[in-house]
Structure formats: C-alpha cells, structure tokens
1. Spot the failing condition for residue 153; the list is (1) modelled with pLDDT of 95 or more; (2) over 26 Å from the mean Cα position of the chain (by Cα); (3) crowded, with 17+ Cβ neighbours inside 10 Å, and only one is missed.
2. Residues of segment 330-371 being surrounded by fewer than 23 Cβ atoms within 10 Å (Cβ to Cβ) and either without any contact (Cβ under 8 Å) to a residue 12 or more places away in the chain or farther than 23 Å from residue 414 by Cβ (or both), which ones?
3. Any residue that is modelled with pLDDT under 95, within 17 Å of residue 215 (Cβ to Cβ) and aliphatic (A, V, I, L, M) - is there at least one of those in segment 285-303?
4. With (1) within 21 Å of residue 349 (Cα to Cα); (2) crowded, with 20+ Cβ neighbours inside 10 Å; (3) of a type in the set (Gly, Ala, Ser) as the list, and residue 86 as the residue in question, which single condition is left unmet?
5. Within segment 256-275, which residues are in a loop (DSSP other than H, G, I, E, B), in contact with a helix residue (DSSP H, G or I) (Cβ under 7 Å, 6 or more places away or on another chain) and without any contact (Cβ under 8 Å) to a residue 60 or more places away in the chain?
6. How many residues does segment 33-69 hold that are in a strand (DSSP E or B) and of a type outside the set (Gly, Ala, Ser)?
7. Take residue 420 and decide whether it is within 30 Å of residue 31 (Cβ to Cβ), among the hydroxyl-bearing types (Ser, Thr, Tyr) and within 19 Å of the chain's Cα centre (by Cα).
8. Could you grab me the full set of residues in segment 134-150 that are open to solvent by 50 Å² or more (accessible area, probe 1.4 Å), more than 13 Å from residue 183 (Cβ to Cβ) and either of a type in the set (A, V, I, L, M) or at pLDDT 95 or above (or both)?
Amino acid sequence: MARFLPPESFGAATEDLSLLPFNFERAGAKQYLVANLVGDFIRLTEDELTRLVDLRIRPGDGLYEKAYAAHLVSGVSQNAQRQLLAARLRSRMSFLQQMTPLHIFVVTLRCEHSCPYCQVSRQSTDRSRYDMSEETAMRALDIAFASPAARIKIEFQGGEPLLNFPLIRTIVTAAKARSGKQVDFVIASNLALLDDAVLSFCKANNILLSTSLDGPADLHNKNRPRPGANSHELAVAGIQRAKEVLGPDRVGALMTTTEASLNRVDDIIDEYLRLGLDGIFLRPLSPFGFAIKTKQFAKYDAKNWLAFYERGLRRVLKINRQGTPFREFYAALLLTRMLSDRPIGYVDLRSPAGAGLGALVYNYDGSVFASDEGRMLAETGDDAFRLGHVEHDSYNSLILSDKLIGAISSSLTQCAPECSTCVYESHCGADPVYHHATQGDALGIKPLSAFCARQKGIMGLLLDILENSPEDAAILRRWAAA
C-alpha cells in the first residue's frame with residue numbers, strides 16, 4: 001500500500017466542491033470569524049462567507065484558494081483534505097489515550113488558614129474526623145494503580161496537607177514500592193508548615209511543591225488570614241527555601257482573584273517577579289465552598305475579571321518586550337490549543353471534560369469524586385459528583401458509574417447546544433461541575449455562563465494580539481511552542 005497520496009490528490013479540485021465542517025460568528029459590521037474543524041481561524045467578509053456557503057467559488061477567484069488553504073472546502077471525491085483534518089483531530093484528542101493520569105489525595109480537611117474564599121470548606125479541628133486514615137489511603141492507592149495510564153501524578157491536597165505529613169510519607173513510600181507505573185508527586189500547600197524535614201523528604205523523592213501567592217503582603221494577608229497575620233511572610237519564606245533546596249523549577253505558585261485584587265494586577269505581577277518566579281496564572285474565584293457562603297464569588301463578574309486579565313496579560317507582554325521571559329500560564333495553555341495540534345491535559349480545556357477521565361479525587365473520608373470541584377461541592381451538601389467509596393468500589397466501577405457517564409455526556413462541546421456551533425469550540429472545554437453549581441444543570445445555559453464568557457473573552461483577546469501586534473504575537477507564539 002502506498003504511504004502517500006499522489007500529487008494530484010492535493011491539487012485544485014476540478015469537480016464539484018463540498019463544504020468541510022466549520023463554525024463562524026460575526027466579528028464586525030461586515031466581517032465574520034471562521035474556524036475549521038480543528039480551529040484554524042480565518043476572517044471573511046459577509047459576501048465571501050455567502051459565496052462560500054453557496055459554493056459559488058472556483059479556482060483562480062481568490063476566495064477558492066483562501067477557503068481551500070483553510071480546509072473549508074474540498075472536492076466531492078477528494079479525500080486528502082478530510083484525511084489531513086482527521087489526522088490533526090486524532091492528535092488533538094490523543095489525551096484520551098492516557099486515562100486518569102491525575103489522582104488527588106485529600107489527606108486532611110484541616111487548615112490553619114481561614115481564607116474567606118476557601119473553596120474546600122476547610123475545618124480547623126478534630127483530627128480524627130477530618131484526616132484520611134492509612135487504610136483509606138492504601139485503598140485509594142489500589143484504585144490509582146489500577147488506572148490504565150503508564151505515568152500517573154499523585155497530588156496531595158487539603159485543607160493543608162502538611163498537617164497530615166506522616167500520611168504523605170506513607171503514601172509516597174508505598175507508591176514507590178509498587179511497580180508498573182512511573183509516579184510523580186505534588187504537594188499543594190500554603191507552605192506555612194514547611195520545615196527542613198519536609199524539604200528533605202521532597203528532595204529525596206523528587207516531589208514538586210505548589211502553593212498560593214495572591215500578591216504583595218497586604219493583599220495576600222487580607223485574602224489568606226491566619227493566626228499571627230503572617231501568611232505572606234511564611235509563603236514567601238517557603239518559596240525561597242524550596243527554590244534553594246529543591247531547585248528553582250520545583251516550586252510553583254497560583255493566585256486567586258478577589259474583589260480586592262481587581263485594581264492590583266501590576267502589584268501582583270511585581271510580587272511574582274520579585275520572587276524570581278517564571279510566570280503567573282491569573283485565576284478567577286470558583287463558585288464553591290466558603291467563596292459562596294461568604295459571597296466572595298458574587299463580588300465581581302466575568303466582565304470585571306476579563307478587564308483585570310487583559311491588563312495583566314498586556315503587562316506580562318511588556319515585561320517580555322523589555323527582555324525578561326515571563327509567562328501568563330493560562331494564555332500559554334490556550335495558545336498551545338490554538339496554534340498547535342498537541343494535546344493538553346488541562347481539564348478545563350478538554351472535551352470530553354477531565355472529570356474522572358483526567359482525574360479522580362480521594363477525599364479524606366474515602367469518598368471518590370470525579371473532580372476536585374466535585375468534592376468541593378460535596379462539602380456543602382451536594383453529592384452530584386460523588387462516584388463512590390474506596391471501600392467498595394474499584395477503578396472500573398468508578399469510571400463506568402452512571403454519574404460519571406452522565407457528567408461526561410454533558411461535557412461534549414462537539415454536540416452541546418451553543419458549544420457545537422461556537423467558533424472557539426475546538427479550543428475550549430466544558431466544565432459540568434461549574435455549570436451544575438451555578439445553573440443547576442451540568443450542561444449549562446452557555447449564553448448565561450461566566451465560564452463561557454471568560455473563555456471566549458480570553459481567546460478573542462489572544463486572537464486580536466496575534467493579528468494586530470507583531471512583537472507581542474512573536475512572544476505568544478514562543479509560549480505556544482514551549
């Protein structure tokens with residue numbers, strides 16, 4: 001069998017044309033943004049779009065060449081275009097070959113911080129009630145090792161996971177004693193309890209640290225109060241000590257945007273630069289836990305946050321233009337989707353969603369959830385995404401549970417109302433837990449969805465920069481290629 005089609009297969013079609021799948025939306029008075037099956041964008045005038053849809057185009061008229069190069073039309077019996085799109089789509093969806101690579105162990109719900117936006121509804125007391133037992137941990141480890149992925153990541157979360165550090169040691173040791181998988185470890189900690197013993201164990205076991213840093217001291221301490229009012233001091237000391245002991249690339253930080261952050265994006269970015277971090281992830285609040293109880297989530301909307309994000313992104317680009325490499329990590333993830341066919345594992349940008357297929361969450365009490373947001377929802381009494389329990393469920397029974405299949409079915413952007421016809425569909429994902437929490441429906445009403453507004457807003461901003469700011473576009477393309 002020939003491995004390549006003959007050259008004439010790629011020439012201009014001399015027969016009747018057919019349309020290939022594409023989506024479009026109005027992008028001005030007489031202009032449309034059009035995306036093919038794998039999300040390559042092209043702009044067409046209203047007249048061009050009408051002629052394209054009516055197939056009133058022929059070789060040599062300019063529009064034919066434009067549409068053919070953008071994979072919007074093909075000859076009726078010409079297969080090369082379709083095969084190329086199929087190969088690219090297969091590459092973009094290949095994350096499905098690595099089933100459930102992430103396993104989150106909530107080793108305790110206790111925390112000594114009292115953040116008003118805490119999404120997990122942390123507890124401050126009662127170790128016996130809110131700490132994961134060793135027996136539960138070992139059962140969870142059995143499930144994690146039964147997942148098909150050859151390489152898995154075990155992430156320890158809380159509460160504050162270092163309050164149950166002895167169990168982390170036990171889980172890491174037990175996981176490393178098992179064979180058959182490569183295992184990476186991450187501890188998501190506020191670093192307030194970080195000491196030499198923890199750092200030594202992390203170094204010996206190549207454990208990555210992830211922490212929270214909301215900005216300069218006054219803002220961080222306001223967002224993340226603790227006894228002593230020194231959460232910023234401890235977080236900064238922890239980041240610096242971890243960089244020294246583990247290496248500069250073995251500790252990362254995330255920020256959460258509160259109402260108090262909205263006018264402080266320059267201060268927040270400056271703090272990350274001051275600490276020598278290589279980028280920032282500008283994150284909105286999530287609608288779970290104390291963020292709902294204390295009404296923090298309702299204090300700004302998607303429009304406010306997008307304005308904050310754009311100021312931050314343009315500031316980050318200016319920093320790069322001045323010679324300092326520094327990334328906005330969410331933009332980098334989206335650009336990887338928009339400018340390449342590489343699959344990414346980020347659960348918010350996947351279809352089907354990463355719930356269960358991308359991650360399983362083992363709560364301190366043995367309950368198993370389809371996502372971290374699902375267990376956050378459960379702490380406020382909603383078990384919609386609780387899949388089962390480590391005592392009586394296996395990996396297969398969890399993955400094949402009706403709840404997970406229902407959630408996955410609601411997360412397919414390729415067939416969901418509004419998503420399936422959206423010009424950004426190829427690069428977006430669905431978040432059934434978010435829409436269940438905010439709209440009471442896992443599918444969601446997308447025109448009313450802040451998740452949808454943020455995704456479309458950021459991608460529109462990135463497209464504008466790519467098309468109209470050559471120097472910044474070169475920076476964005478480097479991020480996508482990294």
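1. (2)
2. Passing the criteria: 332, 365, 366, 367.
3. Yes, the conditions are met somewhere in segment 285-303.
4. Tallying (1) within 21 Å of residue 349 (Cα to Cα); (2) crowded, with 20+ Cβ neighbours inside 10 Å; (3) of a type in the set (Gly, Ala, Ser), residue 86 fails exactly one: (2).
5. Step one: filter segment 256-275 for residues in a loop (DSSP other than H, G, I, E, B), giving 257-258, 262-264, 275.
So of that shortlist, the ones also in contact with a helix residue (DSSP H, G or I) (Cβ under 7 Å, 6 or more places away or on another chain) come out as 257-258, 262, 264, 275.
Listed by number, the residues that qualify are 257, 262, 264.
6. Of all residues in segment 33-69, those in a strand (DSSP E or B) come to 33-36, 41-45.
Next, from what is left, pick out any that are of a type outside the set (Gly, Ala, Ser): 33-34, 36, 41-45.
Residues flagged as in a strand (DSSP E or B) and of a type outside the set (Gly, Ala, Ser) within segment 33-69 amount to 8.
7. Working: within 30 Å of residue 31 (Cβ to Cβ): yes; among the hydroxyl-bearing types (Ser, Thr, Tyr): yes; within 19 Å of the chain's Cα centre (by Cα): no.
No, not satisfied.
8. Residues of segment 134-150 open to solvent by 50 Å² or more (accessible area, probe 1.4 Å): 134-135, 139, 142, 146, 148, 150.
With the extra rule that they be more than 13 Å from residue 183 (Cβ to Cβ), the set shrinks to 134-135, 139, 142, 146, 148.
Listed by number, the residues that qualify are 134, 135, 139, 142, 146.
The values are calculated or read from the model by the stated rules, or taken from the named source; none is laboratory data. The structure displayed is predicted, hence computed values, not measured ones. Cβ: placed from backbone, ideal geometry, glycine included. Neighbour counts: every protein chain shown. Calculation scope for accessible area: heavy atoms of the full protein, side chains included, ligands and nucleic acids excluded. Shrake-Rupley method; radii C 1.70, N 1.55, O 1.52, S 1.80 Å.
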